[in-house]
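What follows is a short report on a single structure.
The values are calculated or read from the model by the stated rules, or taken from the named source; none is laboratory data. Remember, it's a predicted structure, so these values are computed and weren't measured experimentally. Reconstructed Cβ throughout: ideal geometry from the backbone, glycine too, with neighbour counts over all protein chains shown.
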Amino acid sequence: MKIFKFKKKTVILLLVGTLFLTYSFKSKFFEVAKQIEIYNTLFKELNMYYVDEINPADLTDKAIKNTLKNLDPYTNFYNEQDVETARIRRAGEYGGIGVSVYYTAKGIELNEIYKGYSADKAGLKAGDIIVAVDNQSIKNMERGQLSMLLKGTPNSKFTVKIERQGKTLNKEITRDKVIINPVPFAEMIDEETGYITLTRFNEKASSEVKKAYRKLKKQGMKKLVFDLRYNPGGSLLESIRISNFFLPKGKTIVTTKAKVKKWSNTYKTRQEPLDLEIPIVVLINERSASASEIVSGSLQDYDRAVILGKRSFGKGLVQRYRELTYGTQLKLTISKYYTPSGRCIQELDYTNRDDKGNIPKFSDKEVNAFKTANGRTVYDGGGVQPDVEITTTNKNNTTDKLLKSKAIFNFATKFYYENASIGDLENFKFNTGNFKDFTKFLKTDTTFVTKQESLFKSAYKVAKGNNISKEYEVIKEKLFAAKIKEISKNEDVILELIQEEILERYFYKEGVYKYNLQKDNTISMAVDLLKNESRYAQILSVKR
């Protein structure tokens, strides 16, 4: 009798739970349907009665993207053109002219020229602005339209009008098949130490890393420096394949935890490794994110490599593409990922923004300790902490503002046209004296403006009729001096970035890699560590 009563209560509880879940589901579904209907009716009224013509596609695109902007920066809506751009980025191949660009109101400004492709053959230079294509002006054209102009079927021809340092030039260009190699440089540093840099995790990443590894192995490589600095990530599966090159088959690389159960997975190595013995130093910095952190985090957790550099970005979120109607897509965050030791390295807590929109950091809270295979202590929150941290100044907010502007790019353009040659690659050095030239240049640059300068300029415009121009100039000078003082605190970081930007103008990206192979302090530290076998072993074995 007691058993029957127990079962009866259980059935009642299950029925109540089922009814509650059904009601909850219907309630959420109704709310979604309600909001869609509100938008549909609003859209119809605008289209019917608004005094001017509206662009339905543009309006919807902006509405959707505005809806998503308060989630995380990785959840995005892709219109048909965005879908194609994302596909190209993942595949690493497209028909184009071999450039990276800035889209501006004036036209398409060339940011980098890829060596050997059609833009390079046609004599285009970084800093050139394309203002017309096939005799059609592209001034004030929307970004989506601009992004399609240079792409097309390989071997197709078109003409461009470019502006360069006050002159106008006309060029005819033939499109190439552009292949973006995620491993743009792999060479021996010395007789025993190989160097591989991986710049992105596209669909070619693992095959290109394997190819580079085998090439260097034939040249006598016994130690490896694997550079993931500035690598923003990409494919989760490619990061697992690359980790597998140096870890045994059957090892857990990453675990994902999602709202939808089928998207919660444990990913393990599935192939026999390339090499379980070669000593490895992995280089990371604050711009190493996502898949870069999966590789560096897993190699750290299994004590397979020494991680050297600066703390990584801290992106512990996984995205997936979902097909929508009419060829559009939604890329949304579906899960968090965890390294083999169990840590999530996500830095920014997007769920708990404050009233002003500020995003708290997990690393500002209490972080949790985890253990590597050898018993070393590692922590969650705030990216992958390197085993050996390099000492550079920490970038302040003003320097961050500088790096997000085009000031360094613009300075390098000016430098290039004022200096026909900089001599041999190996002997070039951009030093403190040159840094003063850069700060003088900032007087004329309009892209690097601090918040204080912007607010003060706005206030001056409001009060312009009050004869305060002298006072304005005095305060403007003080604000500029304060700005220079702040970025000078990070002179070491800025000098390095300016130097690389200048070298690229004369020797392409390949020249920057060759220069860094001999001159980069972080690479030198990695080589010294690999030569010091006892210290290398101690870092990976001593419990901390």
List every residue pair whose Cβ atoms lie under 9 Å apart, where the two residues are 6 or more positions apart in sequence or sit on different chains, the first residue falls within segment 144-161 and is polar (S, T, N, Q), and the second residue, located anywhere, is loosely packed, with under 13 Cβ neighbours inside 10 Å and in a loop (DSSP other than H, G, I, E, B).
-> THR159/ASP134; THR159/ASN135
Kindly provide the set of residues from segment 206-255 that are free of Cβ contacts under 8 Å to residues at least 40 places away in the same chain and hydrophobic (A, V, I, L, M, F, W, C), ordered by number.
-> VAL209, ALA212, LEU216, LEU237, PHE245
From LYS139, LYS65, LYS115, LYS151, residue being surrounded by fewer than 17 Cβ atoms within 10 Å (Cβ to Cβ) and under 29 Å from ASP349 (Cα atoms) = LYS65
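Check ALA526, ALA459 and return the single one that is part of a helix (DSSP H, G or I), farther than 30 Å from PRO184 by Cα and out of contact with any Pro (no Cβ under 9 Å at 6 or more places or on another chain).
That would be ALA459, the only listed residue that is part of a helix (DSSP H, G or I), farther than 30 Å from PRO184 by Cα and out of contact with any Pro (no Cβ under 9 Å at 6 or more places or on another chain).
Quick grid of which residues meet (1) assigned by TED's automatic domain parsing to the domain that holds THR41; (2) surrounded by 14 or more Cβ atoms within 10 Å (Cβ to Cβ); (3) within 30 Å of ASN40 (Cβ to Cβ):
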| residue | (1), (2), (3) |
| --- | --- |
| ASP72 | no, yes, yes |
| GLU80 | no, no, yes |
| ALA86 | no, yes, yes |
| SER100 | no, no, no |
| GLY127 | no, yes, no |
| ALA132 | no, yes, no |
Residues of segment 343-398 classified as assigned to a loop (DSSP other than H, G, I, E, B), at pLDDT 95 or above, touching a Leu at 6+ places or on another chain (Cβ under 7 Å) and of a type in the set (Val, Ile, Thr), total = 0
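Just give me the residues in segment 85-144 being within 17 Å of THR174 (Cα to Cα) and assigned to a loop (DSSP other than H, G, I, E, B), in sequence order.
Taking segment 85-144 first, the residues within 17 Å of THR174 (Cα to Cα) are 93-100, 110, 113-125, 130, 132-135.
Residues satisfying the conditions are ILE97, GLY98, TYR114, LYS115, GLY116, TYR117, ALA122, GLY123, LEU124, LYS125, ASP134, ASN135.
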So which residues in segment 256-282 are touching a residue at least 40 places away in the same chain (Cβ under 8 Å) and either part of a strand (DSSP E or B) or not assigned by TED's automatic domain parsing to the domain that holds LYS211 (or both)?
-> THR256, LYS257, ALA258, ILE280, VAL281, VAL282
Here the residues within segment 61-82 that are assigned to a helix (DSSP H, G or I) and touching a helix residue (DSSP H, G or I) at 6+ places or on another chain (Cβ under 6 Å) are GLU80, GLN81
Note on ALA212: of the conditions (1) outside any loop (DSSP other than H, G, I, E, B); (2) closer than 30 Å to LEU237 by Cβ; (3) of a type outside the set (D, E, K, R); (4) touching a Lys or Arg at 6+ places or on another chain (Cβ under 6 Å), unmet is (4)
Determine whether segment 420-437 contains at least one residue that is touching a Ser or Thr at 6+ places or on another chain (Cβ under 9 Å) and either among the charged types (D, E, K, R) or surrounded by 13 or more Cβ atoms within 10 Å (Cβ to Cβ) (or both).
-> yes
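Okay, residues lined up against (1) small (Gly, Ala, Ser); (2) under 24 Å from TYR78 (Cα atoms):
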| residue | (1), (2) |
| --- | --- |
| GLU272 | no, no |
| ILE278 | no, no |
| ALA289 | yes, yes |
| GLY316 | yes, yes |
| ARG320 | no, yes |
| LEU330 | no, yes |
Return yes when LYS476 is out of contact with any Leu (no Cβ under 9 Å at 6 or more places or on another chain), modelled with pLDDT under 95 and either in a loop (DSSP other than H, G, I, E, B) or not assigned by TED's automatic domain parsing to the domain that holds THR447 (or both) and no when it is not.
-> no
Just checking, which of ILE180, ILE173 is crowded, with 16+ Cβ neighbours inside 10 Å and in contact with a Leu (Cβ under 9 Å, 6 or more places away or on another chain)?
-> ILE173
